[in-house]
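The values are calculated or read from the model by the stated rules, or taken from the named source; none is laboratory data. Since this is a predicted model, take the numbers as computed values, not measurements. Cβ atoms come from the backbone with ideal geometry, glycine included; neighbour counts cover every protein chain shown. The area values use the complete protein model at the heavy-atom level, side chains included, leaving out ligands, DNA and RNA. Shrake-Rupley method; radii C 1.70, N 1.55, O 1.52, S 1.80 Å.
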Amino acid sequence: MDKHRCGWCVGDPLYEAYHDEEWGVPVKNDETLFEFLILETFQAGLSWITVLKKRENFRKAFDHFDYKKIANYDQTKIDALLQDSGIIRNKLKVNATISNAIAFMEVQKEFGSFSKYIWDFVDGTPIKNEWGNYKDAPATTELSDVISKDLKKRGFKFVGSTVIYAHMQATGMVNDHEVNCFRYHQV
């Protein structure tokens with residue numbers, strides 16, 4: 001018997017695996033939260049599958065998303081990234097990754113962890129929505145607006161409300177699996 005999945009991922013094995021194993025699972029680990037934040041910022045204006053297909057290349061190019069290393073990237077490293085055809089070569093997004101690593105560590109200093117900071121917006125508990133069709137889920141919410149504004153105030157770049165809502169979905173802060181999806185009650 002086939003499992004019912006959210007309609008957005010059906011038909012692509014990479015998308016289905018991501019949906020089945022990661023999307024919507026609550027993430028409290030700072031390293032993973034940073035990885036998703038960076039991948040979401042690179043997705044801005046593109047499709048998620050484009051980023052997902054390049055994910056392993058991003059991991060290699062960005063030192064496995066080690067924000068401490070990324071915060072210290074110099075112009076030589078930036079130039080190398082902009083020549084790397086395995087990633088999305090957008091100068092503004094590459095530079096934003098560096099400033100986001102710096103801002104990420106500042107949040108850690110202030111709150112003890114990025115996880116504590118970001119999860120406090122939902123009181124540590126995922127928001128569970130009830131969508132019959134993934135197309136009914138919003139691209140932004142009042143909460144993603146608030147988080148986006150706060151992140152920007154802290155120096156983060158490419159963190160508009162749509163990027164932040166996608167981050168919330170990916171990291172399980174919000175459960176936007178379709179109610180008839182097999183993962184809905186699992187995450």
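Could you check the stretch 142-158 and list, in sequence order, the residues that are open to solvent by less than 40 Å² (accessible area, probe 1.4 Å) and either part of a loop (DSSP other than H, G, I, E, B) or within 24 Å of Val10 (Cβ to Cβ) (or both)? Explain how you work it out, then say what you get.
First, the residues of the stretch 142-158 that are open to solvent by less than 40 Å² (accessible area, probe 1.4 Å): 144, 147-148, 150-151, 155-156.
Gly155, Phe156, listed by residue number.
Can you tell me which residue within the stretch 159-187, out of those that are among the polar types (S, T, N, Q) and part of a loop (DSSP other than H, G, I, E, B), is farthest from Asp30 (Cα to Cα)? Quick ask: steps written out before the conclusion?
Narrowing the stretch 159-187 to residues among the polar types (S, T, N, Q): 161-162, 169, 171, 175, 180, 186.
With part of a loop (DSSP other than H, G, I, E, B) added as a condition, the list becomes 171, 180, 186.
Working: Thr171: 11, Asn180: 31, Gln186: 22 Å.
Applying the filter and picking the extreme gives Asn180.
Inside the stretch 1-111, counting only helices (runs of 4 or more DSSP H) that do not spill past its ends, which hold 1 or more residues that are of a type in the set (Lys, Arg), more than 27 Å from Ile127 (Cβ to Cβ) and open to solvent by less than 20 Å² (accessible area, probe 1.4 Å)? Quick ask: steps written out before the conclusion?
Details: elements: 13-21, 30-43, 48-53, 55-61, 67-70, 75-83, 91-111.
Helices (runs of 4 or more DSSP H) meeting the threshold: 91-111.
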